[in-house]
Amino acid sequence: MAEISAKLVKELREQTGAGMMDCKKALKENDGDITKATEWLRQKGIASAGKLEGKVAAEGLVESYIHTGSRIGVLVEVNCQTDFVARNDSFKELVKNIAMQIAACPQVEYVSVDDIPTEFVESEKSIEMGREDLSKKPENIREKIVQGRIEKRLKELTLMAQPFIRDQNLTVEQLVKETSAQLGEKISIRRFTRFVLGEGIEKEESNFAEEVAAQTGKK
């Protein structure tokens, strides 16, 4: 029997949306052949997430999460195809985990890279192209470096690309795909809002020591 590497399991997971253990079993059953393993998962009804991409997901849940201390709050809408799945405990757990994920990721502003405005991407590219550390590099090399930096920057801003807080070996996108395959319905994160107490308010700065000294001097 061929050795089943973690890389091979990861590749099958990304292609099918199936769980890690299911992927490992499928590869073992098919002597490490990823094509046969994919067919095996489909026959078992596990690798179904890919077939659901064209479906309409208009049901689901709006979940709220308030972090300890009530200084960070999140509202997120996660959609599925039917009200039946929306009431499923696995779906509810997914939505709750996503809300907690957003609370833990202050840098995240978008659901996916596709949601990032083109003008923002172009602006970031312009900034990177003008950096001094690239000024003496050939044009083709500079383009590749900038592209890599931009891709990294965009991933930092997107929820789907984040490592799942409960399992760093899994991204949020993979988590959604696995749950989608498990429940047999398309699942998508539609939108979210993250609230931080006092964000955007200009706070009046004061020097307590100077205030005390001033009050003392008056007496």
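The values are calculated or read from the model by the stated rules, or taken from the named source; none is laboratory data. Note that the structure is a prediction, hence the values are computed from the model and not measured. Here the Cβ is made from the backbone with ideal geometry for all residues, glycine too, and neighbour counts use every protein chain on show.
Taken over the stretch 87-96, the criterion of being crowded, with 19+ Cβ neighbours inside 10 Å and of a type outside the set (Val, Ile, Thr) is satisfied by 91, 94.
Restricting the first member to the stretch 94-109 and to residues that are in contact (Cβ under 8 Å) with a residue 40 or more places away in the chain, and the second to residues that are in a helix (DSSP H, G or I) and polar (S, T, N, Q), the beta-carbon pairs closer than 8 Å and six or more apart or on different chains are 94/179. Return yes when residue 108 is in the same structural domain as residue 173 (by TED's automatic domain parsing) and either more than 21 Å from the chain's Cα centre (by Cα) or of a type in the set (A, V, I, L, M, F, W, C) (or both) and no when it is not. Against the criterion (in the same structural domain as residue 173 (by TED's automatic domain parsing) and either more than 21 Å from the chain's Cα centre (by Cα) or of a type in the set (A, V, I, L, M, F, W, C) (or both)), residue 108 qualifies. Reported count of residues in the stretch 175-192, each being of a type in the set (Asp, Glu) and either under 15 Å from residue 59 (Cα atoms) or assigned by TED's automatic domain parsing to the domain that holds residue 38 (or both), is 1.
Which residue out of 71, 153 is within 28 Å of residue 199 (Cα to Cα) and either free of Cβ contacts under 8 Å to residues at least 60 places away in the same chain or crowded, with 17+ Cβ neighbours inside 10 Å (or both)?
Answer to the check: 153.
If the condition is being surrounded by fewer than 20 Cβ atoms within 10 Å (Cβ to Cβ), over 13 Å from the mean Cα position of the chain (by Cα) and not polar (S, T, N, Q), then the stretch 161-197 contributes 184, 194, 195, 196, 197.
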